[in-house]
Amino acid sequence: MDNSRKDITPISADFTFWGGIYRDVWLISTPEQHFRMDNMGSDGIFVNTPEVNEKYAKVRLRGEVTNDAHDNATLMVRNMLFDPTGKPLQTREQKLRLKAGETRGFDDTFGKIAEPMLWSPENPQLYTIRTVLINPETNEVLDEKNHNVGLRWFSFDGNKGFSLNGKPYKLRGVNRHQDQAPVGVALDDEAHRRDIHLMKDLGCNFIRVSHFPQDDALLEMCDKLGLLAWEEIPIINIVPDTPGYADNCERNLREMIRQHYNHPSVIAWGYMNEILLTAPQVNSPEWPACKERTVALAQRLEKALKEEDPSRASVMAFNMTNLYNEIGLDLEDVAGWNLYQGWYVDKLEDFDAWCEDQHRRYPDHPIIISEWGAGSDRRLHSTHAKAFDFSIEYHQTYVKHYLPFIEEKEWISGCAYWNFIDFNVAGRQESMPRVNNKGLFYNDRTPKDVAYYFKSMWRKDIPVLHIASRDWNVRTGEADAVQMVKIYTNLPEVELLVNGKSAGRQAVDNCHAVFNVVLPEGNSILTAKGIYEGKAVEDVMSIRFQQLPDLAKGEELAINVGSNCYFTSAVSQLTWLPDQPYKPGSWGYIGGKARGTTSEITNTIDGPIYQTWREGEIAYQIAAPKGDYEVELLMADVTRPAAQLANLLGKNKEEMVSGETRFNISICGKQVESDFSPADGGRYRTAFKRRYIIRASEGSITIKLDAVKGKPFLSGIKVRKL
């Protein structure tokens, strides 16, 4: 393996490049006469459906036969068509005469299939073609191939969206990266099949196979279970000025199409993803050449794609700039838009405005929302969630804005949410380094609560009722404080019970209802109830509520300084409380400004604690009975933020390199650090803890940071009585 080569795509991307042979390797033996085996990894036979409608369908089959013998040969190709029940429908035969060493093609079309059983995600009927190579003199079977055939037709329209078998059809799906710890991408076939089952259970009818062709087992299950598919080659971020690159891209595209041509689930072939993401600025001297080779490659690949398969749509995925249309990359059949308003940039409502503007300007160009998503970390929760805090709650807020808009607009063909799972990205930092955590499922395929919002939206054939607190089943707060309990459901009304006592009924809006309840300390049983087609439906879970720590009892108070989030350590299970201004009789900050970073903090697995902080002239006051205490201060010097992936779209642009910071620290009026910096010794972006034993004699603990140079900063405070 040589990942340094720049003539083989991808050059860069927001996923980990895994090397080596990690898929099945087959050793195939053949007789001297056989179907062609060296056609770009395909099996040498190609099936398509030139005509399909409700009244009849036609199926065409073409391929090649090779004679490796030293003598001429006369052979018979027999094609047998079976309906989805296995009933024989038609048999056709064709004789071929081949010279020694010759490869010759054959082409055959079955007679009309009357009243065909149509393939769709809801009813994936599969016909079968058995193609047999026979020695007509001995009737010996020399070679045999079997192919599933789905009879369907589809179209994309700029104003009417997608249609399947003559009817409007919204594409509802996910992007899928394939890795799973601890095996990376070396998944067994049954793991690929499992993922398709999970998508179908969610209500998906569509998958974007991102960003590269995946195991054959995947599309095989898409055919059998019913998922429409967009498959693509990994031309990502930029087209480099490298000899041989374009040739390899075209070969990749032709290989993909030929290898997966016979899958009825495939409706679109893709060949570029966010290809201008790392391109030079438009006003730079490098831009004209980059634009020219990018457009030239797109034109070349579009031509090759249509030569290989004019029956499928061509697609590209653009990111958030109209430059793609302006320079001539709008040559594909369908424009995929990767949109992240309200996450990386802008506000949630700007997503609506972007889509409306594109449709107004290019009404005849079909579009699909090919990526959209927000990250979430099950350790982070907030009652005041905001973009890029990685809380479970903001993830939920984000999707409940996007999905109804996509569903309501006829001219949006559909969407592929980013991503099916939390997946591995070697270059990612943020709250979970090496992970893009936008998944609807965790990497181990456990569904996040938010997955049930999609299921409630997309499944109308079964009842869906889910108390969306599995990801936050341990709460901390003041006694008698109201706790929000969200329920995802496709039922019209839902009732919530807490320990058997009703908390009321609510009409369901946008597939969710929110109850505000008071939980007693300790464990409680939540029960959601509703009616589906006259039958009772319920969901039950356990939730635990713990009151704020009491220092007098020796309980630990942990403050997530500068953050709006609760953070629960996956190791200690200690919950760090969101920051707050000082309240008499309680605790909080006096002064300073909240800041944050996307940079990875090393030397800890509790990175989010250190990724937020307060800076400036800071003081904290904590009500505490008289006595001796252990005070632990947490911080990380991020005055030299790390380089980040271009995929953050400038989210980290406010993280500027600043000068050296040094400060004094006083606790309860006693200076415990002088002219101090946690970066002494070059420890930038590194978790730093220091503990102090102090005596509180005034009924409170006061922590004060005074600047010597630059702006003091503090990320966390932990206090316990000795």
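The values are calculated or read from the model by the stated rules, or taken from the named source; none is laboratory data. Values in this document were obtained by computation on a predicted structure and should not be read as measured data. Please note: Cβ atoms are built from the backbone with ideal geometry, for glycine as well, and neighbour counts cover all protein chains shown.
Checking the structure you have, find out if any residue of region 116-124 is part of a strand (DSSP E or B), of a type outside the set (Asp, Glu) and either more than 30 Å from Ala451 (Cα to Cα) or assigned by TED's automatic domain parsing to the domain that holds Thr66 (or both). Among the residues of region 116-124, at least one is part of a strand (DSSP E or B), of a type outside the set (Asp, Glu) and either more than 30 Å from Ala451 (Cα to Cα) or assigned by TED's automatic domain parsing to the domain that holds Thr66 (or both), which makes the answer yes. Residues in region 476-493: is at least one in contact with a Lys or Arg (Cβ under 7 Å, 6 or more places away or on another chain), surrounded by fewer than 20 Cβ atoms within 10 Å (Cβ to Cβ) and either closer than 19 Å to Arg378 by Cβ or not β-branched (Val, Ile, Thr) (or both)? Taking every residue of region 476-493 in turn, at least one turns out to be in contact with a Lys or Arg (Cβ under 7 Å, 6 or more places away or on another chain), surrounded by fewer than 20 Cβ atoms within 10 Å (Cβ to Cβ) and either closer than 19 Å to Arg378 by Cβ or not β-branched (Val, Ile, Thr) (or both).
Suppose we filter region 601-620 for residues that are touching a helix residue (DSSP H, G or I) at 6+ places or on another chain (Cβ under 7 Å) and crowded, with 20+ Cβ neighbours inside 10 Å; how many remain?
Of the residues in region 601-620, 1 are touching a helix residue (DSSP H, G or I) at 6+ places or on another chain (Cβ under 7 Å) and crowded, with 20+ Cβ neighbours inside 10 Å.
The C-beta contact set for region 665-682 (first residue over 12 Å from Ala707 (Cα atoms) and without any contact (Cβ under 8 Å) to a residue 60 or more places away in the chain, second residue assigned to a strand (DSSP E or B) and among the hydroxyl-bearing types (Ser, Thr, Tyr), distance under 6 angstrom, 6+ apart or interchain) comprises Ile667/Tyr692; Cys668/Thr702; Val672/Tyr692. Counting only strands (runs of 3 or more DSSP E) that fall entirely inside region 456-513 and contain at least 3 residues that are within 19 Å of Pro404 (Cα to Cα) and in contact with a Gly (Cβ under 8 Å, 6 or more places away or on another chain), no element qualifies. Whenever a residue of region 59-83 is more than 30 Å from Met117 (Cβ to Cβ), its partners that are surrounded by 19 or more Cβ atoms within 10 Å (Cβ to Cβ) and among the β-branched types (Val, Ile, Thr), lying with C-beta atoms within less than 7 angstrom and at least six residues away or across chains, give the pairs Val65/Val77; Leu75/Val65; Leu75/Ile134. Residue pairs whose Cβ atoms lie under 6 Å apart, separated by 6 or more positions or on different chains, with the first residue in region 290-308 and over 11 Å from Leu331 (Cα atoms) and in the same structural domain as Ile236 (by TED's automatic domain parsing) and the second of a type in the set (S, T, N, Q) and modelled with pLDDT of 95 or more, are Leu305/Ser314. Look at (1) in a loop (DSSP other than H, G, I, E, B); (2) in contact with a strand residue (DSSP E or B) (Cβ under 9 Å, 6 or more places away or on another chain) and you find that Ile605 fails only one, number (2). A residue that is touching a strand residue (DSSP E or B) at 6+ places or on another chain (Cβ under 9 Å), of a type in the set (Ser, Thr, Tyr), on the phi < 0 side of the Ramachandran plot and assigned to a loop (DSSP other than H, G, I, E, B) occurs nowhere in region 396-417.
Pick out the one residue from Pro584, Pro578 that is touching a Cys at 6+ places or on another chain (Cβ under 9 Å) and not assigned by TED's automatic domain parsing to the domain that holds Lys386. Write out each step before concluding.
Values: Pro584 fails: touching a Cys at 6+ places or on another chain (Cβ under 9 Å).
Of the residues listed, the single one that is touching a Cys at 6+ places or on another chain (Cβ under 9 Å) and not assigned by TED's automatic domain parsing to the domain that holds Lys386 is Pro578.
For region 420-431, name all the residues that are touching a strand residue (DSSP E or B) at 6+ places or on another chain (Cβ under 6 Å), touching a residue at least 40 places away in the same chain (Cβ under 8 Å) and crowded, with 24+ Cβ neighbours inside 10 Å.
Within region 420-431, the subset touching a strand residue (DSSP E or B) at 6+ places or on another chain (Cβ under 6 Å) is 420-423, 425, 428.
Add one more test, that the residue is touching a residue at least 40 places away in the same chain (Cβ under 8 Å), and what stays is 420-421, 423, 425, 428.
Phe420, Ile421, Phe423, Arg428, listed by residue number.
Only a single criterion out of (1) surrounded by fewer than 24 Cβ atoms within 10 Å (Cβ to Cβ); (2) more than 30 Å from Thr598 (Cβ to Cβ); (3) at pLDDT 95 or above is not satisfied by Arg445, namely (2). Asn647 meets each of the listed conditions (1) assigned to a strand (DSSP E or B); (2) polar (S, T, N, Q); (3) farther than 27 Å from Ala679 by Cα apart from (1).
Counting the residues of region 63-75 that are among the hydrophobic types (A, V, I, L, M, F, W, C) and surrounded by fewer than 17 Cβ atoms within 10 Å (Cβ to Cβ) gives 1.
Restricting to region 142-173, and then to whatever is among the aliphatic types (A, V, I, L, M) and outside any loop (DSSP other than H, G, I, E, B), can you tell me which residue is farthest from Val399 (Cα to Cα)? Step by step, filter region 142-173, then rank; the result is Leu142. Considering each residue of region 333-349 in turn, at least one proves to be in contact with a Pro (Cβ under 9 Å, 6 or more places away or on another chain), at pLDDT 95 or above, of a type in the set (Val, Ile, Thr) and over 17 Å from Ile236 (Cα atoms). It is to be established whether one or more residues within region 573-596 are touching a Ser or Thr at 6+ places or on another chain (Cβ under 6 Å), of a type in the set (Phe, Trp, Tyr) and under 21 Å from Ser382 (Cβ atoms). No; the residues of region 573-596 include none that is touching a Ser or Thr at 6+ places or on another chain (Cβ under 6 Å), of a type in the set (Phe, Trp, Tyr) and under 21 Å from Ser382 (Cβ atoms).
Among the residues of region 403-419, the ones that are of a type in the set (Phe, Trp, Tyr), surrounded by fewer than 24 Cβ atoms within 10 Å (Cβ to Cβ) and touching a residue at least 60 places away in the same chain (Cβ under 8 Å) come to 1 in all. Criterion applied to Asp14, Asp2, Asp43 was being within 36 Å of the chain's Cα centre (by Cα), surrounded by 13 or more Cβ atoms within 10 Å (Cβ to Cβ), modelled with pLDDT under 90 and assigned to a loop (DSSP other than H, G, I, E, B), and the one residue passing it is Asp14. The set of residues in region 532-554 being charged (D, E, K, R) and either loosely packed, with under 15 Cβ neighbours inside 10 Å or in contact with a helix residue (DSSP H, G or I) (Cβ under 8 Å, 6 or more places away or on another chain) (or both) consists of Glu533, Lys535, Glu538, Arg544, Asp550, Lys553. Do we find that Lys689 is among the charged types (D, E, K, R) and surrounded by fewer than 19 Cβ atoms within 10 Å (Cβ to Cβ) in this structure? Yes, satisfied.
Of the residues Arg78, Arg60, only one is of a type in the set (Lys, Arg), in the same structural domain as Glu137 (by TED's automatic domain parsing) and surrounded by 15 or more Cβ atoms within 10 Å (Cβ to Cβ); which? Give the steps one after another, and end with the answer.
Numbers: Arg60 fails: surrounded by 15 or more Cβ atoms within 10 Å (Cβ to Cβ).
Going through Arg78, Arg60 in turn, just one is of a type in the set (Lys, Arg), in the same structural domain as Glu137 (by TED's automatic domain parsing) and surrounded by 15 or more Cβ atoms within 10 Å (Cβ to Cβ): Arg78.
Which of (1) within 24 Å of the chain's Cα centre (by Cα); (2) more than 25 Å from Arg172 (Cβ to Cβ) is the odd one out, the single condition Lys291 does not satisfy? Failed condition: (1).
The rows are residues; the columns are (1) more than 16 Å from Tyr402 (Cβ to Cβ); (2) β-branched (Val, Ile, Thr); (3) in contact with a helix residue (DSSP H, G or I) (Cβ under 8 Å, 6 or more places away or on another chain).
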position: Gln281; (1), (2), (3): yes, no, yes
position: Ala317; (1), (2), (3): yes, no, no
position: Tyr324; (1), (2), (3): yes, no, no
position: Leu329; (1), (2), (3): yes, no, yes
position: Lys347; (1), (2), (3): no, no, no
position: Asp350; (1), (2), (3): no, no, no
position: Cys355; (1), (2), (3): no, no, yes
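With respect to the stated conditions, Asp195 fails to be surrounded by fewer than 16 Cβ atoms within 10 Å (Cβ to Cβ) and either aliphatic (A, V, I, L, M) or outside the structural domain of Ile45 (by TED's automatic domain parsing) (or both).
Answer yes or no: is there a residue in region 80-90 that is of a type outside the set (A, V, I, L, M), in a strand (DSSP E or B) and touching a Ser or Thr at 6+ places or on another chain (Cβ under 7 Å). Explain how you work it out, then say what you get.
To start, the set of residues in region 80-90 that are of a type outside the set (A, V, I, L, M) comprises 82-88, 90.
When the remaining residues are screened for being in a strand (DSSP E or B), the result is 82, 88, 90.
With the extra rule that they be touching a Ser or Thr at 6+ places or on another chain (Cβ under 7 Å), the set shrinks to 82.
Yes - at least one qualifying residue is present in region 80-90.
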